[in-house]
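The values are calculated or read from the model by the stated rules, or taken from the named source; none is laboratory data. As the structure is a prediction and not an experimental result, all values here were calculated from the model. Note that each Cβ is placed from the backbone with ideal geometry, even for glycine, and that neighbours are counted across all protein chains shown.
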Amino acid sequence: MVARVQYALNGFNVIPLHTPNGSGCSCGQPDCGKPGKHPRISAWQQAPCDVATVEGWPWADANIGLRLDDLTVLDVDGAEGLASLAALEAEHGTLNPRARQRSGSGGLHYLFEGVNGLTKHLKFRPGLDLLTGPGCYIVVEPSVHATGGVYTWTGAPSPLTARRDNIELSAPPQWLLDAATNRKPKTAERVPADRVMGKALEKIQAGSGRNDAGLWLFAQLRDNGYSRDEALLHLRDWVTRANEATPGQDRYSIKEAEASLRSAYKREARDPWTEPEPEKESHADVLLRLCDDFEYFKSGPANDGYVRMGIGDHRELWRVDSKGTKVREVVTHRFLAQKGRAPRREALNTVVDTVMAKCGLGSKADVYVRFARSRDAIYLDMCDDQWRAIEVTKDGWRVVPDPPVLFRRGAGARPLPVPVKGGTLDPLRALVNAGDDSQWCLMLAWLVGAFLPQGAFSHLALHGEQGSAKSTTALVLQSMLDPSDAGLNSPPKDETDATVSALHCGTLCYDNLSGCRAELADVFCRFSTGQGYRTRTLYETLGVTVASVKLPILLNGIDSTVMRADLLERCMTLKLPRIMAQDRLTEEGVWDTFTRLHPGCLGALLDAVSTGLRNLPNTKLTDAPRMSDFCTWIVACEPALPWKPGEFLSAYRGKLESANSDLVENDSTASAIVEWAERSLQPGISMEFVAKDLLVCLNDITRDYPKDLRHWPASPEALAHRLPRLAPVLRAQGIEVRRLPRTSKARSRWEIRRPGPQLPLFIEPDAETIPEAA
C-alpha cells in the first residue's frame, strides 16, 4: 500500500510536500531554501487528511509531511544537535522515546505525545528544535532529502506500521521541557509550619488522638527541613491549640508533646511533604468560560455557524468560520479586562474550534441580511451600533431594540436613520430624475416592492443619455433602504461574483452596465425568484460551497434594447430624460438634502408597507400581469402612496409594452419574425413549420438588410432555442408562437399564428347578380 495512504489509515494527519529535483526543488523556484521540505498546498494547516483525500493526491512522487496536531517532536539536526543532546543526556539521563526516525540528513526525530499549552521552541540548544501543535510538521518515511538520503523509522511500532491508538507514545521528560523553555527545575519549598499545624488540628477534629496528631505534625516538620530546635519553637503553640480543639478532655501537656517530638526526630527523614497546589486554569478554559453567554445557531443550505453574543447593552450576531475573527476579538477583549494580559494564540484557536463545534450542534435558524419578510411582520435591519431593527405590521411600525429575527451585517452596510412618522414621499422626487408621473410611480413601486412578503421581486432598470443622473438616481433609491459604503457595484464578471455581492446586501445595485450577457441575464432572473448556488470550495478538491440568494436589483445604464426577453419581463425599465443645465444640482446639495429628508421619507414608505400588510389578504387582481405577486403587493400598498388607485398597473403595463416594442425593433430575429408574419399570415390564420424552414424565410426577408451576425441565429437549432425566449415579446406584437407536441417524426414543429377574426378568402356574390339559367 502507498505510504501516504497507510499513514492516513493509521490515523495520522499527513500533507503533500515538494520533492528534491536534481539540485533544486519541484516548486521551480531557483532559490528555494527548503527543497523537498515545504508544502505543495497553501492551506495545509486546514487541509483534510482523510483516506480519500490523501489517496487522491495528484503528486505520485510527493514527499510526505506529518502534521504535529497532537504530537511533540525533538528534532536533532546533524552532528551539532547530536552533541547538544549528548550533553543533556549526560546531565539528566538517556532519552528513550517509543518512536524515533532517522532523517535524510543523518539527524534524528524523537516522537512524543503532545503537551497541553506547549509551543514550539527553535534552537534552544545548538542543533535542537522542539516542535509541536498546529503549524508544525516533520518530513517522514519514505521521503527523500535534498542530499539523496531517505527518511526511515527505526524500531517498531512506528506511525507507518501501527495505528495511532496502538502506539503508546511517552510524554517528553520534564527536563527536556525545562531545557527547551529555559526554565530551571523547581526546588521544593518548605511548607509553612502554621499550615502543617492546621492539618494536624484537622486530624484531631476528624477523630485522631492528640498524641498521634502531634507525632504527625513533628514528622512533617522534620520532613520539610525544620531542625529540632525550629520544631521546639512551635511546641507550646501546638499544645495550646490542641487543648482548644478538645474541650472537656484531659489537659494535653508539654511533656506529651515533647515525647512526640523526640519520637519523630529519631526516625529517618522521608521525602518532604508538600501541600498540593491548586490546579491552574488554562487560558483555553478561561476563554471558554468567558463565552458562557454565547448562543449558537446554524443556518442556510450549508449549515453555516452563527453566534449571538452580548456586547455592551445589546446582542450581536456574527458568522463563525475557521478564522473566527469576531469571536477572537470579543473573547480577547474580555480576557484582557479580566486578566490584564493577552491570551495565548493556541488557546484562541481552541476556542474558535469549540465554538464552531457548538454551532454545528445548535438549533437551525434563518439568518437575514437587511430584510426579514413574512405576511405577518416585516423587519428592516437599521445596521446601527445598537443592532436595532424596524418592525412593520398591519397595525403600524416601530423601532425594536432586540428584534425576534436574526440579522447578520453585510460587508460595508451603513446605518439607517430613525424614521419619523407623518412624513411624505413627495420631497424625494426632487432628488431623482423621474421624468413623468408614471416613471416616478414605478420608482416608488420598486422601493415598496423591496418589502414584498412573498413572491418574485421586480427589478428596476434605468437608462438614458449622459447627463440624465442615472447613477445619482440609483444611489438615492438604494440609500433609502440599504445604504452601503460600497455605493453602486461595478458590473459582475460572472455568476460567482454576482452571488458573493448579493450575499452581503439587501438590495443589489449595478452601475454603468453597457450590456447584458446571456449568462448574467439568467443570474438576474434567478435573483428575482430565488437562486440556489453551488460551486467548488477553494483549495479543496471535493469541497462544495452552497448559498441561496433572492433579492431585488437595480440596473443602471442598461438599455432595454440589449436586455433578454425573460429579464425584461422581470424589470421595470425607465428612460430618464436629460437634465437641463439650469436644473442641475451639486452632489453636496443632493446628499445634504437627502440626509435631511431621509427620516420622513422612510417613515412614509413604512406607512405604505404597513398599509400593504393590512390590505394584502383582501387584494385580488383580475387580468394580472406576469409578476402578479409583485403587482398585487403594490396595489395593496396604493392607498398610502402618492397616486390614484389604478395608476400603478396602468404605468406598469405601459412601460412593459413600450420595452417589448423597443426590444422587437432592436432584436433582428424578433423584428424579422414580425415582418414575416405580417407578410405571410392573415389574422386568424396559423401555420406550422420546422425551425429550418422558418430560418430560410427569415434569411430571405433580411437578405438586403444589414444585421449583426453575432446575434443572428446561425442554425435551426439556435433559432429553436431563441423562440421560447422571444414568445412573450412577439405576443405583445400580436403574434403567437408555440411548440407543437412531437409526432412520430424526429423534428420538432412550431405553430405561428396572428390572432384575430379570419378575413374571407373570397366575396360571395349577391343572388341578384347571378344570371338565371337559360
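Observations on the model:
- Residue list for region 435-444, restricted to those being in contact (Cβ under 8 Å) with a residue 12 or more places away in the chain and either not in a helix (DSSP H, G or I) or not assigned by TED's automatic domain parsing to the domain that holds Arg584 (or both): Gly435
- Breaking point among (1) surrounded by 22 or more Cβ atoms within 10 Å (Cβ to Cβ); (2) free of Cβ contacts under 8 Å to residues at least 24 places away in the same chain; (3) among the polar types (S, T, N, Q), for Ser484: (2)
- Pairs where the first residue, in region 507-535, is at positive phi and the second is surrounded by 19 or more Cβ atoms within 10 Å (Cβ to Cβ) and not in a strand (DSSP E or B), C-beta under 6 Å, 6+ apart: Asn512/Gly557
- In region 208-252, residue surrounded by the fewest Cβ atoms within 10 Å (Cβ to Cβ) [restricted to those that are within 12 Å of Ala264 (Cβ to Cβ) and among the basic types (Lys, Arg)]: Arg228
- Failed item in (1) surrounded by fewer than 16 Cβ atoms within 10 Å (Cβ to Cβ); (2) in a loop (DSSP other than H, G, I, E, B), with Trp57 passing the rest: (1)
- Residue among Ala83, Ala90 that is outside the structural domain of Glu346 (by TED's automatic domain parsing), in contact with a Gly (Cβ under 8 Å, 6 or more places away or on another chain) and not in a loop (DSSP other than H, G, I, E, B): Ala83
- Residue in region 703-720 that is among the polar types (S, T, N, Q), surrounded by 17 or more Cβ atoms within 10 Å (Cβ to Cβ) and touching a helix residue (DSSP H, G or I) at 6+ places or on another chain (Cβ under 9 Å) present: no
- The set of residues in region 385-407 that are assigned to a strand (DSSP E or B) and not hydroxyl-bearing (Ser, Thr, Tyr) comprises Ala389, Ile390, Glu391, Val392, Gly396, Trp397, Arg398, Val399, Val400, Leu406, Phe407.
- Within the set Gly423, Gly410, Gly360, the sole residue that is under 17 Å from the mean Cα position of the chain (by Cα) and part of a loop (DSSP other than H, G, I, E, B) turns out to be Gly410.
- Checking Ala461, Ala502, Ala469 one by one, the residue that is of a type outside the set (D, E, K, R), crowded, with 20+ Cβ neighbours inside 10 Å and on the phi > 0 side of the Ramachandran plot is Ala469 and no other.
- Elements of the type strands (runs of 3 or more DSSP E) sitting completely within region 471-552 and holding at least 1 residues that are within 30 Å of Trp57 (Cβ to Cβ) and modelled with pLDDT under 90: these cover 531-536, 544-549.
- Top-ranked residue of region 149-174 - restricted to ones that are in contact (Cβ under 8 Å) with a residue 60 or more places away in the chain and loosely packed, with under 12 Cβ neighbours inside 10 Å, ranked as nearest to Ile15 (Cα to Cα): Asp165
- Which listed residue, of Ser42, Ser105, Ser84, is over 26 Å from Ala156 (Cβ atoms), hydroxyl-bearing (Ser, Thr, Tyr) and out of contact with any strand residue (DSSP E or B) (no Cβ under 9 Å at 6 or more places or on another chain): Ser42
- The condition of being assigned to a loop (DSSP other than H, G, I, E, B) and under 35 Å from the mean Cα position of the chain (by Cα) holds for only one of Pro35, Pro48, Pro30, that being Pro48.
- Test for Gly117: is it closer than 22 Å to Glu168 by Cα, in a strand (DSSP E or B), under 32 Å from the mean Cα position of the chain (by Cα) and not polar (S, T, N, Q): no
- Extreme residue, surrounded by the most Cβ atoms within 10 Å (Cβ to Cβ), among residues of region 645-691 that are of a type in the set (Val, Ile, Thr) and in a helix (DSSP H, G or I): Ile673
- Filtering Ala180, Ala200, Ala219, Ala171 for residues that are touching a strand residue (DSSP E or B) at 6+ places or on another chain (Cβ under 7 Å) and outside any loop (DSSP other than H, G, I, E, B) leaves a single hit, Ala180.
- Note on region 120-153: among residues that are charged (D, E, K, R) and in a strand (DSSP E or B), the one that is nearest to Ala83 (Cα to Cα) is Arg125.
- Only listed residue being farther than 21 Å from Val2 by Cα and assigned by TED's automatic domain parsing to the domain that holds Leu17, chosen from Arg102, Arg98, Arg67: Arg98
- When Ala8 is tested against the conditions (1) assigned to a loop (DSSP other than H, G, I, E, B); (2) touching an Asp or Glu at 6+ places or on another chain (Cβ under 8 Å), the lone failure is (1).
- Under the condition of being modelled with pLDDT of 70 or more and exposed (fewer than 11 other Cβ atoms within 10 Å of the Cβ), the residues counted in region 739-759 number 2.
- Checked against (1) within 22 Å of Val418 (Cβ to Cβ); (2) surrounded by 16 or more Cβ atoms within 10 Å (Cβ to Cβ); (3) not hydrophobic (A, V, I, L, M, F, W, C), Asp385 passes all but a single condition, namely (2).
- Search result, residues across region 251-273 that are out of contact with any Lys or Arg (no Cβ under 8 Å at 6 or more places or on another chain), under 20 Å from Glu202 (Cα atoms) and modelled with pLDDT under 90: Trp273
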